[in-house]
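The structure appears below as structure tokens.
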Amino acid sequence: MVFKSVLITGYISLHCAINGNGQSFFASQVIDSTITIGYGLSLADVDGDGKTDILLADKKQFVWYRNGDWKKFLMAENLTEQDNVCITARDIDGDGKAEVAVGAQWNPGETSNDEQSGAVYYLIRPVDPTQLWKPVKLHHEPTVHRMQWVRSNTGKFYLVVAPLHGRGNKNGEGTGSKILAYHFSANPESEWTIDTLEGDMHLTHNFFRIEKTNGYNLYVAGKEGIMLLQESGKQMIRNKLPLEGMNRGAGEVVVGKLSNAENFLAAIEPMHGNELAVYIHNYAVRILLDSSLKEGHAIGSADFLHRGSDQLLAGWRMPDKQGKVGIKLYAPKDKDGKNWESFWVDENGMACEDLKIADLNADGKPDIVASGRATRNVKIYWGR
């Protein structure tokens, strides 16, 4: 197939994402300027007040920021010798308070030694969630990198964990990355049942989930491109996307919807790559939106502009050819997504390591939360 081809809490800036008419799409707020790396984010209600809070996996700490005053609370610290790397939070048991799992011992160069690479913990909440949480160590594979809570069609929740490398891998070759699904247990200190969902892909960097009444889809970005893992009944069926030529490799992936009701898939290619591409027409047509990223490391999709179609976000963490880091928004100009335009969300103020999207103030507008590696900050970009 031929493709067409210091903590400054409360500070707000209105000078981001300006369109050609001088309209501001977002107002940015720095809630923390003292982080170390900001490996990963998750958004969920931690304290049960009905508001979405922000959780962060930093170098040695797992923390959360309380919605409203954005006060920072330590959950766990120094769990492993090496860095932390990921966090996921979601209300699993229906009590309105998030369950939290984390990944640590980030040592991507060691793919064989379980003690020196990789760690997975479930954090048991205290009565007062502003106090330290109790870590429960779970089974892991080396190079644990990303995790999400996923709901099956039975209503049961799984902790899906993806390592960067397969066991014993060298230079991204060898055994495939073993993507595991941990069955959530009502007694988290007991042994968790674990299923293997996939074991053939290499350098599995990130994944995106879509949950449906009849199951879920997991789109996994890795060395080979994008893999679709699809639930059918009680089984996981391994399917590749029906897309010839998607073999450039990918690090980030997201699915959105155009105004013509068709889905699009977008990816940062390859892993830590410079290209943002979107796939339309049943993913058969590839459109290159940007080739100027430098270590693209975050992606997202929502209708920020209230146009009836989703727009894309892409963030990168190293200075590009213009010496800038940041986040950009890419919007389709037509209903079928053949033509796109781009706007800055943050121009050189966010060396983006991760970003997440949620309506934080319940005003009906999606907001963005991002963490910066070299900029060492956490920001909210309030939808306007």
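The values are calculated or read from the model by the stated rules, or taken from the named source; none is laboratory data. Predicted model, so just to flag it, every value in this text is computed and none were measured. Glycine gets a Cβ as well: all are built from the backbone with ideal geometry, and neighbour counts include every protein chain shown. Calculation scope for accessible area: heavy atoms of the full protein, side chains included, ligands and nucleic acids excluded. Shrake-Rupley method; radii C 1.70, N 1.55, O 1.52, S 1.80 Å.
Here are the numbers:
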{"read-out": "Net +/- balance of residues flanking Glu81 in space, Cβ distance below 11 Å, scoring K and R +1, D and E -1", "value": "-1"}
{"read-out": "Measure of compaction for the range 40-194 (Cα Rg per 2.2 N^0.38 Å)", "value": "1.03"}
{"read-out": "Entries of Lys72/Lys379; Lys97/Lys156; Lys156/Lys257; Lys324/Lys379; Lys294/Lys335; Lys60/Lys379 with Cα pairs more than 23 Å apart", "value": "Lys156/Lys257; Lys294/Lys335"}
{"read-out": "Calculated FRET efficiency for the pair Asn348/His306, C-beta based, R₀ 41 Å, to 0.05", "value": "0.95"}
{"read-out": "Under 12 Å, Cβ to Cβ, from Asp303 - net charge with Lys/Arg +1 and Asp/Glu -1", "value": "+1"}
{"read-out": "Where the range 274-384 is the region considered: accessible area per residue in Å², 1.4 Å probe", "value": "37"}
{"read-out": "Cα gyration tensor shape of the range 141-286, rounded if a/c is under 1.5, else prolate or oblate by comparing a/b with b/c", "value": "oblate"}
{"read-out": "Nearby aspartates and glutamates by direct alpha-carbon distance to Lys333 (threshold 14 angstrom, same-chain neighbours under 8 apart not counted)", "value": "Asp303, Asp310, Glu341"}
{"read-out": "Centroid-to-centroid separation of the range 52-116 and the range 357-373 [C-alpha atoms, Å]", "value": "19"}
{"read-out": "Cα-based shape type of the chain, given that a ≥ b ≥ c are square roots of the gyration tensor eigenvalues and the cut on a/c is 1.5", "value": "rounded"}
{"read-out": "For the range 99-182: rounded, prolate or oblate by the Cα gyration tensor [a/c cutoff 1.5]", "value": "oblate"}
{"read-out": "Around Gly222: net Lys/Arg minus Asp/Glu count, Cβ-Cβ under 10 Å", "value": "-2"}
{"read-out": "Percent accessible area from carbon and sulfur atoms, the chain, protein chains only, probe 1.4 Å", "value": "46"}
